[in-house]
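Everything below concerns the one structure shown next.
The values are calculated or read from the model by the stated rules, or taken from the named source; none is laboratory data. Model, not experiment: these values are computed from the prediction. Cβ sites come from the backbone with ideal geometry, for glycine too, and all protein chains shown count toward neighbours. Only protein heavy atoms, including side chains, enter the accessible area calculation; ligands, DNA and RNA are left aside. Shrake-Rupley method; radii C 1.70, N 1.55, O 1.52, S 1.80 Å.
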Amino acid sequence: MLLKGNPKRACIYFIYDKSGIIDDYVIYQLKDLRVNVSYLLCVVNGWLETSGRKKLETIADDIYIRENRGFDVGAYKQAIIEYIGWSKLEGFDELVLMNDTCYGPVYPFKECFDWAAAQDVDFWGLTMGICEMHNFPSEYKEYPFAREHIQSYFLVIRRPLLCRRDHREFWESLPEITSYSDSGLYFENVFTNYFRLRGYAFNTYCDCTEYLKLHNYPMIIFPLQLILEQKCPLFKRKIFTEPYAGYISQCVVQPALEVLEYLGRKSDYSSSLIWDHLLRTQDLSAMVRNCHLTRVMPRDFALPAPDVNLSVGVVFHAYYTDLFEQTIQYLDSFPKGTEFLITTNSEKKRLRFEEKSKKSKHKFEIKVIENRGRDMSALLVGAANFVQKYDLICFAHDKKTSQEKPGSIGASWAFELAENMYGTAEYIKNIIRLFKVERQLGIAFPPYPVHGNYVGLGTGWVSDYEITKELLVKLDIDVKIHPKTLCVAPLGTNFWFRPKALNKLFNIEWNYKQFPCEPNNTDGTILHALERTFAYAAQDAGYYPAFIMNDLYARIEFTNLEIQKVGSQSMNDWLRTSQLEAIYNRPIEEVSNQKEVMHIPSNLEIIARQTDNINYGVKQSLKHLALALRYKFPRFWALMLPFRRLGQKILGIKTVRY
């Protein structure tokens, strides 16, 4: 049926938020939708805050709050049958069913409705999908194209189908929906073919034919293409939160980044509508990954910056006197107008820094603080008043990691932090520019180290998850964290931040007694919990974090990550095996009982020992395991002697004793 004149439309808009909050992206969506419908019913599963109700009352005709059961399908069913009723629905030309699982519209909904009015259809939607076989009703298996269906986030039913018994029977026969899988099995995956089998016509605003040849769910793989090529007004929220491990098996996980970049450059739709909702509701680790919150900036030339004034302050905790000169050289790279607070832990060091900095182009305020709490008390106690004077703060400290051997491991981390915090004058300007351009960026810091023993950092929580969780509760920072997800934190405690993003930390009157005395533990203290709190405090305040690095260091980082990746394990084993064989000048199986290393080979010696036919089957893998056990757990290795001999006999390995 074609629509003529001014069609009368009803819309059932489904909302679910566990906190009962109505986000601004929903209001933006409803305001545009309201232009095209005569009657708007908002159905809320669960509950609704007073402020949320007031927002909806300015737009919706009715608000129906129901028990949180049945997902969107249960809400539609109850609204159609009980709240609105069939007799009232017969007075409308179209019924729009829409939920809150998308952001947008990027284009006015009116364009979709105008297109649809000229289509001779009984029902229509925006996009098509293909259901997975495990979620596919058996009664449709023999029907051509049966797995293709209109996606139910936006579905429109037109007269006369709206008034037909077929339509009524469909809703009245729907079973109770108890899971997300059920909603697909009994509604989304069925609706299109249920009515197609009965002779009803349908169409979609976006032609998804080519996209469906590549993926069952174009909305999460090709959102930007749908926006640009098909003028799709909506894009799914889940592109920002889809579990990365599964996502990367289907694409390079570019969708969220592509959409954000497009919105920032060519659309009037504000990305703050997205960020405000994501930061309030989602796990920060998912956002960091899916949105690729990593910023790589030029080291040696400054990018054009908008004409926005940001006052900049630097807080630097200077502890190691032998690093004072290096510190001053770095600080001299900051632009004119930057103000500095240097903290140190003794009058002697203060005078030493003052003497060393006489030739600097900057003036430094140097403050002696208690030797308790290290850099953390320097920031939260010593610099608390200083920080509040500025729009942007660079907080850093000199670093040695004495517990790591050889010392080059800690020195390399210090290099990584310095290079990616304030490596050159041009790079510093680019960081300041970044905060001018990205107004919801609240905190930025270098990436985690991936060299030496730091590879074992894993998610970054180490043994500090529980104490961080407790601290977040005490600080009233309400965010999602989990011990198995990435800890988003400035490990090494060097970071740039907007003071207003960390208000909850600075609103507390910290004192030195709240921090442990020296000597301090290398993990498990309030210092380590605070280190892991900053990014979550920013999230709670409505700001996102970013990892930052300069383009020169990015080249190093890429290589380091490449060598650490899972697929490189056999290559790494081969290189280590070759090194050990060169050290001992013997095959790897003859090395297992060697007591000490007498010679460290050069690269040329290692290469000379490499062969082209090393077999990485079970036998070789067991040899590598044995070697690792011998050197990592020598006592356990000794206890395993009977099993080792049995293994040597089974594998046919001859061991030479020395």
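Quick notes on this one:
- Cβ pairs under 8 Å, 6+ apart, first in the stretch 57-75 and without any contact (Cβ under 8 Å) to a residue 12 or more places away in the chain, second surrounded by 17 or more Cβ atoms within 10 Å (Cβ to Cβ): Glu57/Ile63
- Residue match in the stretch 456-471 (condition: surrounded by fewer than 18 Cβ atoms within 10 Å (Cβ to Cβ), within 19 Å of Leu260 (Cβ to Cβ) and of a type outside the set (A, V, I, L, M, F, W, C)): no
- Options Gly52, Gly70, Gly46: the member that is over 17 Å from Leu234 (Cβ atoms), open to solvent by 20 Å² or more (accessible area, probe 1.4 Å) and either of a type in the set (Ser, Thr, Tyr) or out of contact with any helix residue (DSSP H, G or I) (no Cβ under 6 Å at 6 or more places or on another chain) (or both): Gly46
- Residues in the stretch 324-348 that are closer than 19 Å to Leu417 by Cα and either in contact with a Pro (Cβ under 6 Å, 6 or more places away or on another chain) or loosely packed, with under 15 Cβ neighbours inside 10 Å (or both): Glu325, Gln326, Gln329, Asp332.
- Counted residues, the stretch 1-33 - those being of a type in the set (Lys, Arg) and within 33 Å of the chain's Cα centre (by Cα): 2
- All positions within the stretch 398-423 that are within 28 Å of the chain's Cα centre (by Cα) and among the polar types (S, T, N, Q): Ser412, Asn420
- In the stretch 339-445, counting only helices (runs of 4 or more DSSP H) that sit wholly within it, the ones holding 2 or more residues that are among the basic types (Lys, Arg) span 347-356, 425-437.
- Of all residues in the stretch 55-67, those being under 21 Å from Leu174 (Cα atoms) and either touching a His at 6+ places or on another chain (Cβ under 6 Å) or open to solvent by 80 Å² or more (accessible area, probe 1.4 Å) (or both) number 1.
- Subset of the stretch 209-249 [in contact with a Ser or Thr (Cβ under 7 Å, 6 or more places away or on another chain) and either open to solvent by 60 Å² or more (accessible area, probe 1.4 Å) or not in a helix (DSSP H, G or I) (or both)]: Cys232, Lys236
- Boolean, Ala116 is at pLDDT below 90 and open to solvent by less than 10 Å² (accessible area, probe 1.4 Å): no
- Qualifying residue in the stretch 507-526 (condition: under 20 Å from His317 (Cα atoms) and open to solvent by less than 20 Å² (accessible area, probe 1.4 Å)): yes
- Criterion violated by Tyr13 - all others in (1) open to solvent by 50 Å² or more (accessible area, probe 1.4 Å); (2) touching a residue at least 24 places away in the same chain (Cβ under 8 Å); (3) on the phi < 0 side of the Ramachandran plot; (4) of a type outside the set (A, V, I, L, M) satisfied: (1)
- Within the stretch 243-254, residues that are within 17 Å of Leu284 (Cβ to Cβ) have Cβ atoms under 7 Å from residues that are among the polar types (S, T, N, Q) and not in a loop (DSSP other than H, G, I, E, B) in these pairs: Tyr244/Asn290; Val253/Asn290, counting only partners at least 6 apart in sequence or on another chain.
- Matching residues in the stretch 40-73 - criterion: being closer than 25 Å to Glu90 by Cα and touching a Gly at 6+ places or on another chain (Cβ under 9 Å): Val44, Ile65, Arg66
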